[in-house]
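This report refers to the structure that appears directly beneath it.
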Amino acid sequence: MDALDRVVKPKTKRAKRFLEKREPKLKENTKNAMLIKGGNANLTVTEYATFLFLTICIFSPEFFSKKSDCSLFLFGSHNKKRPNNLIIGRMFDYHVLDMIELGIEKFVSLKDVKNSKCPEGTKPMLIFAGDMFDVNEDYRRLKSLLIDFFRGPSVPSIRLAGLEYVLHFTAVDGKIYMRSYKVLLKKSGCKIPRIELEEMGPSLDLVMRRTHLASDDLYKLSLKQPKALKPKKKKNISHDVFGTTYGRIHMQKQDLGKLQTRKMKGLRKRPAEKSAEDGGLSPKKPKST
């Protein structure tokens with residue numbers, strides 16, 4: 001048994017807090033990624049890893065995934081058989097779930113594009129174009145993997161000026177084209193600004209080489225959500241296509257004859273109407289002497 005797979009009992013409060021952070025949670029933490037540089041990686045692969053802000057020399061992804069609590073990894077290498085090679089993957093329960101090998105055919109770095117850049121750490125908007133991302137299973141898993149890699153932390157709200165970074169992925173003719181754009185908000189003469197895209201780099205032309213995907217059962221298990229996160233169904237409440245909420249209220253049958261209304265002089269019954277309701281008999285009033 002691996003040293004990291006054994007059940008460890010904490011001996012200090014600090015170790016207890018460390019183990020509690022690794023316990024399963026209803027809402028997962030932001031996914032961290034390991035960027036791995038091979039011993040023979042060339043300048044192209046290294047520059048792309050630099051674009052992702054971190055380069056770490058690691059050899060066992062499963063071991064360091066559990067040690068550093070990272071669920072995503074990227075490995076860059078270069079050799080004669082597979083030049084400019086990138087391997088991206090993700091973990092489930094500290095084991096490799098999906099792993100896809102991509103080859104870089106063309107790369108343009110940030111320095112080569114002389115335009116204004118977005119601030120570091122800007123959350124990107126992801127756009128996927130091409131039928132292959134919806135038809136082919138390998139491309140569908142690649143799309144899911146790229147979303148996990150670039151989505152960043154979850155935020156409760158956004159502002160219009162913060163939407164300034166676009167990552168565009170296009171799948172056509174067996175290749176994947178990645179382009180980076182900066183969103184420019186121009187004056188349009190109305191409240192809604194005119195939007196223009198300006199390429200800022202980096203850009204890559206990728207080709208898919210080899211894939212190692214999880215089985216359907218394992219992939220379905222990785223997508224399973226706890227019952228506590230599932231929305232509870234509320235009775236007698238429905239929604240229409242426009243999002244309007246409708247509620248149904250159940251009440252006991254009411255006797256409208258006993259309903260108390262506002263008393264008005266104009267609604268009072270006349271003596272003749274009262275005697276007709278009593279069968280035409282009305283009590284005689286005693287004569288006063």
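The values are calculated or read from the model by the stated rules, or taken from the named source; none is laboratory data. All figures in this text were calculated on a predicted structure; none of them were measured in a lab. With ideal geometry, Cβ positions are generated from the backbone for all residues, glycine too; neighbour counts draw on all protein chains shown. Each accessible area value is taken on the protein alone, full model and side chains, heavy atoms only, with ligands, DNA and RNA left out. Shrake-Rupley method; radii C 1.70, N 1.55, O 1.52, S 1.80 Å.
Just a few scattered comments:
- Simple label model, 7 Å out from Cα along Cβ direction - L221 to L160, nm: 4.8
- Using heavy atoms of the protein chains and a probe of 1.4 Å, the accessible area assigned to T245 is about 80 Å².
- Computed E for L185/D148 - FRET, C-beta separation, R0 30 angstrom, nearest 0.05: 0.55
- When the trypsin sites (Lys or Arg not before Pro) in the range 71-173 are filtered for DSSP coil states and for at most 16 other beta-carbon atoms within 10 Å of their beta-carbon, the remaining sites are K80, K81, K111, K114, K117, R151, R159.
- Percent carbon-and-sulfur accessible area, the range 59-173, ignoring ligands, DNA and RNA, probe 1.4 Å: 57
- For I249, solvent-accessible area (1.4 Å; no DNA, RNA or ligand), Å²: 140
- Were the residues from S116 through K269 laid out at 0.36 nm apart, the gain over their Cα-Cα distance would be 46.4 nm.
- Extended-chain gain in nm, criterion 0.36 nm per residue less alpha-carbon gap, K81 and R22: 17.3 nm
- Heavy-atom surface of the range 163-261, accessible at 1.4 Å and reported per residue (Å²): 83
- Between T245 and K232, the contour length at 0.36 nm per residue exceeds the alpha carbon distance by 3.1 nm.
- Accessible area per residue was computed with a 1.4 Å probe on protein heavy atoms; S157 scores about 90 Å².
- Shape call, the range 123-243: gyration tensor on alpha carbons, a/c limit 1.5: oblate
- The accessible-area ordering, largest first, of the residues D138, D98, D93, D173 stands as D173, D93, D138, D98, per a 1.4 angstrom probe.
- Accessible surface ranking that places the most exposed of H78, H239 first, with a 1.4 angstrom probe: H239, H78
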